[in-house]
Amino acid sequence: MKVAILMGSDSDLPRLEPCFDTLRGLEIPFEARVLSAHRTPAQVVEFVTGAPGRGVKVFICAAGGAAHLAGVVAAHTDLPVLGIPLDNPPLGGLDALLATVQMPGGIPVATFGAGLGGPVNAALMAARILALSNAGVAQRVAQHRVNQAQKVLEKDAALQKKLGTRG
């Protein structure tokens, strides 16, 4: 059971590292590819249609500009597709957000925020989807939430100490 991550360009790779790190931290295997909805459409379809045979259960698609990648993937699979609109110039991600969020009825794409939170949240949502049928993943997702809360409480305690107040 794994996640397939597609990006429209290799320039998107640095912004997807937090997605990879989140999946690695949750011990969820993934495969990642650079494939373009516009420049390599046949390869996208081949990759998507072959994905179930490779154990893929969820797709994460990141693209900027016209951002048609998630929609093209969704058009060729019944698996969940999570779209990350990337905040590329010149419109700062608004174009990608609108392209990803405005899918026609019947071709669903879950859309995540443009910017730093999108890749992490897409990875966490993929993990939650996988957790529905895998107790080990469910346990790791639950522990991740506990860890997040603990980090916030530690930061609050450090702030209170610095300020000389009680929390």
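Tabulated results
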item: HN-Hα J in Hz across region 31-46 - Karplus 6.51, -1.76, 1.60, θ = phi - 60°, x for Gly and Pro; result: 10, 10, 9, 9, 9, 10, 4, 9, 9, 9, x, 5, 5, 4, 4, 4
item: Whole-Å distance, taken between Cα centres, linking region 1-73 and region 92-167; result: 18
item: Nearest 10 degrees, 0 to 90: helix 117-131 Cα axis against the chain principal axis; result: 80
item: Anisotropy class of region 1-102 from Cα gyration tensor, a/c 1.5 cut; result: oblate
item: Highest-first arrangement of 128-134, 89-95, where packing means the average Cβ count within 10 Å; result: 128-134, 89-95
item: Peptides ranked, highest mean first, by Cβ atoms within 10 Å: ranges 25-36, 61-72; result: 61-72, 25-36
item: Amide H contacts of Val56 (H built 1.01 Å from N, under 5 Å, at least 5 apart or other chain); result: Lys2
item: Proximal charge balance of Ala63 [Cβ under 13 Å; K/R count +1, D/E count -1]; result: -1
item: Fluctuation leader among Thr49, Thr100, Thr111 - the chain, Gaussian network, Cα springs under 10 angstrom; result: Thr49
item: Relative contact order of the chain, defined on C-alpha pairs under 8 angstrom at six or more residues apart (%); result: 22
item: Long-range amide H partners of Ala62 with built H, under 5 Å; result: Leu6, Met7, Gly8, Ile84
item: Shape call, region 43-105: gyration tensor on alpha carbons, a/c limit 1.5; result: prolate
item: Helical mean residue ellipticity (222 nm; -39500 (n - 2.57) per DSSP H run of 4+; nearest 500) of the chain; result: -15500 deg cm²/dmol
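None of the figures in this text is laboratory data; all of them are computed from the coordinates on show. None of the values given here were measured: they were computed from a predicted structure. Reconstructed Cβ throughout: ideal geometry from the backbone, glycine too, with neighbour counts over all protein chains shown.
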